[in-house]
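Before any comments, here is the structure.
The values are calculated or read from the model by the stated rules, or taken from the named source; none is laboratory data. All of these numbers come straight from a predicted model, not from anything done at the bench. Because the Cβ atoms are built from the backbone with ideal geometry, glycine has one as well, and the counts that use them run over all protein chains shown. In case anyone asks, the SASA skips ligands and DNA or RNA and just uses the protein heavy atoms, side chains included. Shrake-Rupley method; radii C 1.70, N 1.55, O 1.52, S 1.80 Å.
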Amino acid sequence: MQFKDLGLAEPILKALAAKNYENPTPIQAQSIPPLLEGRDLCGIAQTGTGKTAAFALPSLDYFFRNPKPTPLHSTRMLVLSPTRELAAQIADSLRDYARFMRLSVQTVFGGVPINKQIRGLQAGVDILVATPGRLIDLIEQRAFHLNGVEIFVLDEADQMMDMGFILPLKRLVKMLPKQRQNLFFSATMPKEIAE
Ligand code: AMP
């Protein structure tokens with residue numbers, strides 16, 4: 001199978017060609033078709049298997065087919081990640097795959113001054129990659145809300161649990177609009193994650 005057989009929009013295929021990616025990895029080949037149909041997905045995948053593109057490409061395709069103004073103080077796609085390093089990596093990949101589209105991608109994580117992040121989010125952002133704690137801080141300061149979210153991605157769920165993010169996670173999920181697409185990735189699927 002090749003990427004061009006999956007029906008992805010032209011600017012996405014162009015970005016993949018620029019990276020010399022021709023064939024989807026197994027997780028990509030399995031995830032992309034159902035995600036393009038708008039279905040929810042629960043995927044077991046380790047880092048290094050091409051998981052980022054597995055959720056990035058169909059989401060970018062959705063944005064290409066459903067253009068909308070960026071929601072003020074909110075985002076159309078929220079990606080939650082356990083660490084700032086991972087969040088930064090995911091955002092870099094998203095920018096790379098979206099290089100031929102006009103989409104804004106931002107990260108928020110703790111350990112850096114919050115005021116700059118508040119200013120950066122005022123006009124809203126198409127895709128936000130965040131760690132749970134700092135995102136909650138921004139919401140509590142009324143600098144951001146989740147009403148605009150159409151696609152919700154939970155990445156590295158097991159690592160998120162190990163780091164004690166279960167309560168922040170539950171709080172954030174309650175704030176999401178009911179109508180949304182859910183993508184859930186974990187390297188392992190123990191019972192509490194499955195629940
Ligand atoms: P990830 O698991 O998302 O961190 O991806 C692992 C690495 O594989 C990253 O450097 C990606 O850029 C690269 N990659 C992802 N998908 C493909 C693909 N279909 N063909 C070649 N490399 C890929």
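When we screen Thr25, Thr70, Thr49 for residues that are among the hydroxyl-bearing types (Ser, Thr, Tyr) and at pLDDT below 95, the only hit is Thr49.
Just checking, does the range 142-158 include any residue being among the small types (Gly, Ala, Ser), over 11 Å from the mean Cα position of the chain (by Cα) and within 16 Å of the ligand (Cβ to nearest atom)? There is at least one residue in the range 142-158 that is among the small types (Gly, Ala, Ser), over 11 Å from the mean Cα position of the chain (by Cα) and within 16 Å of the ligand (Cβ to nearest atom). Put simply, of Gln30, Gln89 the only residue that is assigned to a helix (DSSP H, G or I), open to solvent by 60 Å² or more (accessible area, probe 1.4 Å) and within 26 Å of Gln122 (Cβ to Cβ) is Gln89.
Residue count for the range 3-16, restricted to those that are open to solvent by less than 60 Å² (accessible area, probe 1.4 Å) and either more than 8 Å from the ligand (Cβ to nearest atom) or farther than 15 Å from Phe64 by Cβ (or both): 8.
For the range 59-80, the criterion of being assigned to a strand (DSSP E or B), closer than 21 Å to Leu6 by Cα and open to solvent by less than 40 Å² (accessible area, probe 1.4 Å) is satisfied by no residue at all. Would you pick out the residues in the range 17-28 that are within 9 Å of the ligand (Cβ to nearest atom) and either in contact (Cβ under 8 Å) with a residue 24 or more places away in the chain or closer than 15 Å to Asp61 by Cβ (or both)? Result: Lys19, Tyr21, Pro24, Thr25, Ile27, Gln28.
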